[in-house]
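Chemist: For reference, the structure I am asking about is given below.
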Amino acid sequence: MKIFLIIICLLYSQVQSVEPDEILADQKLENVARIIGKELRCLVCQNEDIENSNADIARDLRILVRKMLSEGKTKNEIISFIHSRYGDFVLFNPPIRFDTSFLWLLPIILLILLFYTFFRRKL
């Protein structure tokens, strides 16, 4: 039974969410599309990029990215366009601004508190 589960897991791990009809003929553009897709979060699936998501909106975003690349748009233009439509949530690395500074500073603050607590107990 364990071997069967391992085989199923291995087979499932090889499945890609990108459909064959979504793949661009130009391999360079397809590679750029996959890089962009890895940087964009699926709006339905928490913490999953659009390249690996099976959600319909992720498929629509993959098609949009590939269409914009075919039209000659750059990576930054595509990401900016999608960011302007869906907000900071769609980005895995949100921009550093005043309203997002808490996201960036929280790990540092927690690390400082951890060291403070650890060394305080040692003394």
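The values are calculated or read from the model by the stated rules, or taken from the named source; none is laboratory data. Bear in mind the structure is a predicted one, so any value in this text is a computation, not a measurement. Note that each Cβ is placed from the backbone with ideal geometry, even for glycine, and that neighbours are counted across all protein chains shown.
Chemist: Quick test for you: out of ILE3, ILE63, pick the one residue that is over 19 Å from PHE92 (Cβ atoms), outside any strand (DSSP E or B) and at pLDDT 90 or above.
Modeler: The unique qualifying residue is ILE63.
Chemist: Quick check on my filter: what residues within the range 85-123 are part of a helix (DSSP H, G or I) and within 27 Å of VAL44 (Cβ to Cβ)?
Modeler: ARG85, TYR86, ASP88, PHE89, VAL90, ASP99, THR100, PHE102, LEU103, TRP104, LEU106, PRO107 - these are the residues of the range 85-123 that are part of a helix (DSSP H, G or I) and within 27 Å of VAL44 (Cβ to Cβ).
Chemist: Of the residues in the range 75-94, how many are farther than 20 Å from ASP26 by Cα and exposed (fewer than 14 other Cβ atoms within 10 Å of the Cβ)?
Modeler: So the count comes out to 7.
Chemist: Just to check your reading of the model, which residue among ARG62, ARG85 is under 15 Å from VAL32 (Cβ atoms) and either within 17 Å of the chain's Cα centre (by Cα) or not polar (S, T, N, Q) (or both)?
Modeler: ARG62
Chemist: Right, another one. Given the criterion small (Gly, Ala, Ser), assigned to a helix (DSSP H, G or I) and under 27 Å from ASP26 (Cα atoms), identify the matching residue among GLY72, GLY37.
Modeler: Matching residue, one of GLY72, GLY37: GLY37.
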